[in-house]
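Novice: Dropping a structure here in structure tokens format, bear with me for questions.
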Amino acid sequence: MSTGELGAFGEKKAVNYLRLHGYKIIDTNCRYRQGEIDIVAQKYGYIVFAEVKLRKNNRYGEAREFVTPAKQQRVIAAAQLWLQQHETDKQPRFDVIEVYAPEGINTRKVVINHIENAF
């Protein structure tokens, strides 16, 4: 299983989770030279830029800990570009979605932790 396959699996699980919790998915995998955004969603008065982190376990730290300040800055830069291209009156928010899948893509029941306003 490649890292790309595992990442796509985690993002799909995060998208499903957000939909189940009333979010409208606007965009996914937005890539810019400055950075990338895993998921763009909206709910209520917010446009949410979500960074998805998948781990098999938390042996080496919580998944959210891997969203470093440098990674946060790249996501913010990408979000600024996205907002320039997509007019919205919604308030931007940056979330982290932790996806824990002990058996990788063969995990039947993943554990998801959604951290709103993570940075």
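Each value in this text was obtained by applying a stated rule to the coordinates, not by laboratory testing. It should be emphasised that the depicted structure is a prediction, and the values quoted were computed from it without experimental measurement. Reconstructed Cβ throughout: ideal geometry from the backbone, glycine too, with neighbour counts over all protein chains shown.
Novice: Given points 7 Å out from each Cα along the Cα-Cβ axis, report the Q91 to N29 separation in nanometres with one decimal.
Specialist: Simple spin-label model gives 3.2 nm for this pair.
Novice: For T28, which sequence-distant residues (separation of 5 or more, or a different chain) have an amide H within less than 5 Å of its own amide H, given hydrogens modelled in the peptide plane?
Specialist: Those qualifying (amide H under 5 Å, at least 5 residues apart or on another chain) are V40.
Novice: Treating cross-link reach as a plain straight distance, find the lysines whose alpha-carbon is under 24 Å from the alpha-carbon of K56, omitting any fewer than eight places away in the same chain.
Specialist: Result set, ordered by chain and number: K12, K13, K71, K109.
Novice: With just the Cα atoms of region 2-59, tell me how far they stretch along each of the three principal axes, in Å, largest first.
Specialist: The principal-axis extents, from largest down, are 35, 30, 19 Å.
Novice: Now, a different point. What list of ³J(HN,Hα) couplings, whole Hz, do you get for region 109-119 from phi and the Karplus terms 6.51, -1.76, 1.60, once you set θ to phi - 60° and write x for glycine and proline?
Specialist: 10, 7, 10, 10, 10, 9, 10, 7, 6, 5, 7
Novice: Then there is this: If I stretch the segment between H21 and T107 completely, what's the gain in nm (0.36 nm per residue apart, minus their alpha carbon distance), one decimal? Mind dumping the intermediate values first?
Specialist: Numbers: separation 86, 0.36 × 86 = 30.96 nm, distance 2.11 nm.
Length gained between H21 and T107: 28.8 nm.
Novice: Put +1 on the Cβ of every Lys and Arg and -1 on every Asp and Glu Cβ in region 1-51; which of V15, N29, G4 then has its Cα farthest towards the positive end of the dipole?
Specialist: With unit charges placed on the Cβ atoms, the residue in question is V15.
Novice: With runs of 4+ DSSP H residues as the only contributors, calculate the mean residue ellipticity of the chain at 222 nm using -39,500 (n - 2.57) per run, divided by the residue total and rounded to the nearest 500.
Specialist: -10000 deg cm²/dmol
Novice: Using a simple charge model, +1 on the beta-carbon of Lys and Arg, -1 on the beta-carbon of Asp and Glu, nothing else, what dipole does the chain show about its Cα centre, in debye to the nearest 20?
Specialist: So the dipole magnitude of the chain works out to roughly 260 debye.
Novice: Here is a follow-up. For the chain, just run the numbers: alpha carbon Rg, then divide by 2.2 N^0.38 Å, N being how many residues it has.
Specialist: My calculation over the Cα atoms of the chain gives 1.02.
Novice: What angle, in degrees between 0 and 90 and rounded to the nearest 10, separates the Cα long axis of helix 69-85 from the longest principal axis of the Cα atoms of the chain?
Specialist: Orientation of helix 69-85: about 40 degrees from the principal axis.
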